[in-house]
1. Which pairs turn up if I take residues in the stretch 29-40 that are closer than 16 Å to Leu70 by Cα and look for partners that are assigned to a helix (DSSP H, G or I) with beta carbon separation below 6 Å, at least 6 apart in sequence or on another chain?
2. Would the stretch 119-131 turn up any residue that is among the aliphatic types (A, V, I, L, M), at pLDDT below 90 and not in a helix (DSSP H, G or I)?
3. So which of Trp85, Trp24 ends up being of a type in the set (Phe, Trp, Tyr) and either surrounded by fewer than 20 Cβ atoms within 10 Å (Cβ to Cβ) or in contact with a Cys (Cβ under 9 Å, 6 or more places away or on another chain) (or both)?
4. Please enumerate the residues belonging to the stretch 72-97 that are over 21 Å from Ala111 (Cα atoms) and either free of Cβ contacts under 8 Å to residues at least 40 places away in the same chain or among the aliphatic types (A, V, I, L, M) (or both).
5. What are the residues in the stretch 154-179 that are exposed (fewer than 14 other Cβ atoms within 10 Å of the Cβ), free of Cβ contacts under 8 Å to residues at least 40 places away in the same chain, assigned to a helix (DSSP H, G or I) and not aliphatic (A, V, I, L, M), if any?
6. Looking at this structure, is Ala147 out of contact with any strand residue (DSSP E or B) (no Cβ under 9 Å at 6 or more places or on another chain), surrounded by fewer than 19 Cβ atoms within 10 Å (Cβ to Cβ), modelled with pLDDT of 85 or more and not acidic (Asp, Glu)?
7. Step by step: first the residues of the stretch 102-153, then only those that are in contact (Cβ under 8 Å) with a residue 12 or more places away in the chain and β-branched (Val, Ile, Thr), then the one that is nearest to Ala27 (Cα to Cα). Which residue is that?
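The values are calculated or read from the model by the stated rules, or taken from the named source; none is laboratory data. The model shown is predicted, which means the values in this text are computed figures rather than measured ones. Cβ placement follows ideal geometry from the backbone for every residue including glycine, while neighbour counts extend to all protein chains displayed.
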Amino acid sequence: MAIRRKKKRPLKTKSAPAQKHWPWYLASILLAALALALAVTLLGFHASDPTPANDAIRPVKNYLGLPGALVAATAYDMFGLGAWWLVALCGLASWLLWQGRGGGRMLPFWASGIWLLVATAALLGAAGGGVALAGGLLPWGGRAGAAMAQGLAGSGAWAAWTFPLAAVLAGLAGLGWASWPEAGPFLAARPEKKAPAPPVIKT
């Protein structure tokens, strides 16, 4: 009588790439959530909300309550409309982590992003004036931008525009370089065009 041998089934193991990259996926999701929260916070800004400089008890109108009001007031006060770079940077970093499944050039990315944030505030500060927003007048570049523009203007009116503009371009170039390993192949990938089928000749 022949003895049948049972075939050994291969052990099921988790996918190595999934184990390796899940922290980056998690970081990507958290950054996307942060970008969304920052966008809601900045959109919900109201001039009558409490600020770090004025914490009087009053009704809060920001969509995310008191924490949102404090974050929005601080961001707009320091960087003006340039504060929206925070939303863009978190969103772009989230996409890069998801695409690359790894850290990549995150350090130069954030260094360039912070540089761009400050440079944009200085450039907007050189414009002077402000924009009416939610019941108040918001300086274009915030207090920090206005102070930097005023300091540069001491070297000449041209310096208040030239240096911040050059810094903005340098920041954009740095972001492009840091993003290219993931963004380059994504932009270059195009669906292949299928050749048209030859016409059918009926006989």
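1. Pairs found: Leu34/Cys90; Leu38/Leu86; Leu38/Val87; Ala39/Val87.
2. We begin by selecting, within the stretch 119-131, every residue among the aliphatic types (A, V, I, L, M); these are 119, 121-124, 126-127, 131.
Next cut, at pLDDT below 90 only: 126-127, 131.
Adding the requirement that they be not in a helix (DSSP H, G or I) leaves 131.
Scanning the stretch 119-131 turns up at least one residue that is among the aliphatic types (A, V, I, L, M), at pLDDT below 90 and not in a helix (DSSP H, G or I).
3. Working: Trp85 fails: either surrounded by fewer than 20 Cβ atoms within 10 Å (Cβ to Cβ) or in contact with a Cys (Cβ under 9 Å, 6 or more places away or on another chain) (or both).
Exactly one residue qualifies, and that residue is Trp24.
4. Initial filter on the stretch 72-97 (over 21 Å from Ala111 (Cα atoms)): 72-73, 77.
The answer is Ala72, Ala73.
5. Residues satisfying the conditions are Trp158, Gly176.
6. On the way: out of contact with any strand residue (DSSP E or B) (no Cβ under 9 Å at 6 or more places or on another chain): yes; surrounded by fewer than 19 Cβ atoms within 10 Å (Cβ to Cβ): yes; modelled with pLDDT of 85 or more: yes; not acidic (Asp, Glu): yes.
When the stated conditions are applied, Ala147 passes them.
7. Val118
Okay, residues lined up against (1) at pLDDT below 90; (2) within 24 Å of Tyr76 (Cα to Cα):
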position: Pro139; (1), (2): yes, yes
position: Gly154; (1), (2): yes, no
position: Thr162; (1), (2): no, yes
position: Lys194; (1), (2): yes, no
